[in-house]
Amino acid sequence: QVKLAESGGGLVQAGGSLRLSCAASGGTLPIYAMVWFRQAPGREREFVAGISRSGSSSYYADSVKGRFTISRDNAKKTAYLQMNSLKPEDTAVYYCAADFKAIPTLSQYDYDYWGQGTQVTVSS
């Protein structure tokens, strides 16, 4: 069973950058697609970015396309989310998730393994 732990969140000014990490323990990370979701207060959890099992394909929500980059290092059992040009509307708790599939899907209900979340706050 895979356990996930996010890190790298914090407070940043609009226009700034943060890099989130998602470290996996247990299981075999290379067999899992990895995704990032986020949830702002009063809103549903939404898909942000996903990366295929091999790392060759990545997928983004329209709201972050061109600003965020997802990557993974299977040797380190870690996935990353590089967030640039941050906006106040990016403020949320960010969660990484994984599931045994080659290609990530967009629904949170498709994922069995979740981290505890890390807070990202972007001030204007």
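The values are calculated or read from the model by the stated rules, or taken from the named source; none is laboratory data. All values derive from a computational prediction rather than experimental measurement. Cβ atoms come from the backbone with ideal geometry, glycine included; neighbour counts cover every protein chain shown. Remember, those area values only see protein heavy atoms, side chains included, never the ligands or the DNA or RNA. Shrake-Rupley method; radii C 1.70, N 1.55, O 1.52, S 1.80 Å.
Average accessible surface for the range 17-81: 47 Å² per residue, computed with a 1.4 Å probe over protein heavy atoms with every protein chain in place. Derived scalar couplings between HN and Hα for the range 57-67 equal 10, 9, 9, 9, 5, 4, 5, 10, 4, x, 10 Hz in order, rounded to whole Hz, by the Karplus curve 6.51 cos²θ - 1.76 cosθ + 1.60 (θ = phi - 60°), x for Gly and Pro. On the accessible surface of the range 28-124, probed at 1.4 Å, how many percent belong to carbon and sulfur atoms? Carbon and sulfur together cover 49 percent of it. With contacts taken as Cα pairs under 8 Å at a separation of at least 6 residues, the chain carries a relative contact order of 36 percent. Distant-in-sequence amide contacts of SER57, defined by a placed amide H-H separation under 5 Å and a gap of 5 or more residues or a different chain, comprise SER52. Build a GNM of the chain with springs between Cα atoms under 10 Å apart, and of VAL48, VAL64, VAL35 the one that fluctuates most is VAL64. Measuring nothing but alpha carbons in the range 1-52 and taking Rh as the Kirkwood radius, the Rg to Rh ratio lands at 1.02.
Rg and Dmax over the alpha-carbon atoms of the range 55-95 stand at 11.4, 34 Å. Neighbours of TYR94 by Cβ distance under 15 Å: Lys/Arg scored +1, Asp/Glu scored -1, total +1. Note on LYS101: lysines with a C-alpha under 26 Å away, same-chain residues under 8 apart excluded, are LYS3, LYS65, LYS76, LYS77.
Determine the gain in length on full extension of the stretch ASP62-ALA75; use 0.36 nm per residue of separation and subtract their C-alpha separation, reporting nm with one decimal.
Taking ASP62 through ALA75 to full extension adds about 1.7 nm, to one decimal.
Ranking of ARG45, ARG72, ARG53, ARG19 by solvent-accessible surface, largest first: ARG19, ARG53, ARG45, ARG72 (1.4 Å probe, protein heavy atoms only, all chains present).
Positive contributions from Lys and Arg (+1) and negative ones from Asp and Glu (-1), summed over other residues with Cβ under 11 Å from the Cβ of PHE47, come out at -2. Basic side chains Lys and Arg get +1 at the Cβ, acidic Asp and Glu get -1 at the Cβ, and with that the dipole of the chain about its Cα centre reaches some 280 debye.
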